[in-house]
Amino acid sequence: MKPKLFDMFLSFLKIGCLLLGGGYVIVPLLRNELVEKHNWIDEKDIIDFYALGQCTPGIIAINTTLFIGYKLRGKTGAFIAFLGLILPPFLAIILLASVLISISNNIVVNDVFWGVNIAIIILLILTVKEVWANSIVDKFTLFLFLLILLLSVLKVSPVKSIILSGILGILYKVITAKLHKSGGSA
């Protein structure tokens, strides 16, 4: 069942109001709103669209939202989801920018931002947990994770790591498909 456009708009508006910390914290918010509350999409789709959102140019949260909105209701759904997501921060920036600049040295305001930063860390941990559960599914994906982690620690370019992981993923799928065809095991 396709969600109503207005219901979609309200859900993404709610996510937009809570999306502090950028695209890395959107996964738990999407899961809570779209999977648990409305059952519009499954968690695997969210993780897949999140991965696509990271691979495409632009803001991760917006890219992910556009993919999900498109899946739910096509081009109109993508636009409605996008509009719902960006409206709260857009209005907040316009309405509060000058006020925030003038009160940025206030100790209470700084304490509030400190608390928000702690909440963002928790949301980042939840995102890692959910992406991990849907990405590290066998020995190969664990190996690939550990390899890319090691390369990151060794300060290898992220571009090289992404290209390497893509090539290794393709090779793994080709080899396992050939083994499966020939009756062997992967």
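The values are calculated or read from the model by the stated rules, or taken from the named source; none is laboratory data. Bear in mind that the values here come from a model prediction, so they are computed numbers and not experimental data. Cβ sites come from the backbone with ideal geometry, for glycine too, and all protein chains shown count toward neighbours. Protein only, heavy atoms only, side chains kept; ligands, DNA and RNA dropped before computing areas. Shrake-Rupley method; radii C 1.70, N 1.55, O 1.52, S 1.80 Å.
Calculate how steeply helix 5-18 sits against the longest principal axis of the alpha-carbon atoms of the chain, using the helix alpha-carbon long axis, and give the answer as 0 to 90 degrees to the nearest 10.
Helix 5-18 sits at roughly 80 degrees to that axis.
At a Förster distance of 35 Å, what's the computed FRET efficiency of LYS139 paired with SER182, Cβ-Cβ distance as r, to 0.05?
Once the sixth-power term is evaluated, E becomes 0.95.
Leaving out ligands and nucleic acids, and using a 1.4 Å probe, what accessible area per residue does segment 1-150 come to in Å²?
Numbers: 9190 Å² over 150 residues.
Dividing the accessible area of segment 1-150 by its residue count gives 61 Å².
Under the definition of Cα pairs under 8 Å and six or more residues apart, what whole-number percent is the relative contact order of the chain?
22
Could you work out the equivalent-ellipsoid semi-axes for segment 36-137, taking the square root of 5 times each eigenvalue of the Cα gyration tensor, largest first, in whole Å?
Working through the eigenvalues yields semi-axes of 30, 20, 11 Å.
Any idea what the dipole of the chain comes to, in debye rounded to 20, about its Cα centre with Lys/Arg Cβ at +1 and Asp/Glu Cβ at -1?
Values: 16 positive and 10 negative charges, 129 e Å.
Roughly 620 debye, rounded to the nearest 20.
So what's the angle, to the nearest 10 degrees on a 0 to 90 scale, between helix 139-153 and the longest Cα principal axis of the chain?
Around 60 degrees separate the two axes.
Rounded to the nearest 10 degrees, what's the angle between the helix 107-135 long axis and the longest principal axis of the chain, both from Cα atoms, 0 to 90?
Helix 107-135 and the main axis of the chain meet at about 20 degrees.
Segment 143-186: which trypsin sites (Lys or Arg not before Pro) are DSSP loop and have at most 11 other beta-carbon atoms within 10 angstrom?
LYS155
Using the Cα gyration tensor of segment 94-186, with a ≥ b ≥ c the square roots of its eigenvalues, what is the shape: rounded (a/c below 1.5), prolate (a/b larger than b/c) or oblate (neither)?
prolate
When averaged across all projection directions, what area in nm² does the alpha-carbon convex hull of the chain cover?
Details: hull surface 56.2 nm².
Mean projected area of the Cα convex hull: 14.1 nm².
Filter LYS75/LYS129; LYS44/LYS173; LYS14/LYS44; LYS71/LYS139 down to the pairs with a C-alpha to C-alpha distance above 24 Å, please. Before the final figure, lay out each step's value.
Numbers: LYS75/LYS129 31 Å; LYS44/LYS173 19 Å; LYS14/LYS44 21 Å; LYS71/LYS139 31 Å.
The answer is LYS75/LYS129; LYS71/LYS139.
Determine the gain in length on full extension of the stretch TYR24-ASN106; use 0.36 nm per residue of separation and subtract their C-alpha separation, reporting nm with one decimal. Intermediate results must be reported in sequence, preceding the final value.
Numbers: separation 82, 0.36 × 82 = 29.52 nm, distance 2.79 nm.
Extending this stretch completely gives an extra 26.7 nm.
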